[in-house]
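A short worksheet on the structure shown next.
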Amino acid sequence: MEATHEDPTRVFGSEDREWLPLPGIPKGEAWVKVIHADEELGKVVFRFRFGPGCELVRHTHRCHAIAYTISGEWEYEGLKLPAGAIAYEPVESVHTPSSGPGAELVVVLSSDTDQFLVNHMPDGSDIPFDMAFFKQLEGMTPDQATQLADQMGLS
């Protein structure tokens, strides 16, 4: 008798997810759609959108990140990332992403722990984005995201 082998391939879409406003942005606006947060594999996949003239807070990676630019252009530390560009950001890299024209990305984060990013806020505080944070965003509505931001002190 031959053993059956289950194909581990999975497909995750984002069409049924709403764009969630990202709080705590010092300049402009940004939105995120978490496509999949996998606790077992330590991976998070999300779409990210910079509004025109957006600058994020400086952050430190506690994970590896790969960001593919779907449209527009964004940059950090003098690196320009137009449509079609891929950025690799290693563990402990620190940068302040921004976008003049606006941009849309797909980002894959990979961590050996449940820690992914630490955002260094203008008031001197640090706000971590860990697996629990990304799991909460999976399938969340914009109103729920605003409530979460209030709870985190980001509004």
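The values are calculated or read from the model by the stated rules, or taken from the named source; none is laboratory data. Since the structure is predicted, the reported quantities are computational estimates derived from the model, not experimental observations. Heads up, the Cβs are rebuilt from the backbone with ideal geometry, glycines too, and the neighbour counts pull from every protein chain shown. The protein model used for the area step is the full one, side chains on, heavy atoms only, and it has no ligands, DNA or RNA in it. Shrake-Rupley method; radii C 1.70, N 1.55, O 1.52, S 1.80 Å.
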Taking GluC sites (Glu not before Pro) as candidate sites, keep only those in a DSSP loop with at most 11 other Cβ atoms within 10 Å, then name the longest stretch of the chain containing none of them. 93-155
What's the extension gain from Glu6 to Arg58 if we count 0.36 nm per residue and subtract their Cα-Cα distance? 14.5 nm
Cut-off 10 angstrom, C-alpha nodes, Gaussian network model of the chain. Which of Thr113, Thr60, Thr69 fluctuates the most? Thr113
Length-normalised contact order for region 11-155 - Cα pairs under 8 Å, 6+ apart - percent: 28 percent
Could you provide, to the nearest whole Å², the per residue accessible area of region 34-91 with probe 1.4 Å? 49 Å²
Viscosity 0.890 mPa s, temperature 25 °C: Stokes-Einstein D of region 69-155 from its Kirkwood Cα radius, in µm² per second? 164 µm²/s
Pairwise label distance in nanometres, Leu79 with Val91, each label 7 Å out on the Cα-Cβ vector: 1.8 nm
Residue-span extension gain [Asp16 to Ser110] - 0.36 nm each, minus C-alpha spacing: 31.5 nm
Percent carbon-and-sulfur accessible area, region 1-111, ignoring ligands, DNA and RNA, probe 1.4 Å: 55 percent
Under 19 Å between C-alpha atoms, the lysine pairs in the chain lying 8 or more places apart or on different chains count 4
Folded to 0 to 90 degrees: helix 142-152 orientation relative to the chain principal axis, Cα: 70 degrees
Once Ile70 and Gln151 are pulled to full extension, the length gained, defined as 0.36 nm per residue separation minus their Cα-Cα distance, is 26.0 nm
Per residue and in Å³, how big is the convex hull formed by the alpha-carbon atoms of the chain? 134 Å³
Using R₀ = 25 Å, calculate the FRET efficiency as 1/(1 + (r/R₀)^6) where r is the Cβ-Cβ separation of His120 and Glu40; round to 0.05. 0.30
Fluctuation leader among Ser110, Ser99, Ser125 - the chain, Gaussian network, Cα springs under 10 angstrom: Ser125
Only Cα pairs within less than 10 Å get springs; with that Gaussian network setup on the chain, which residue of Val108, Val57, Val11 has the largest fluctuation? Val11
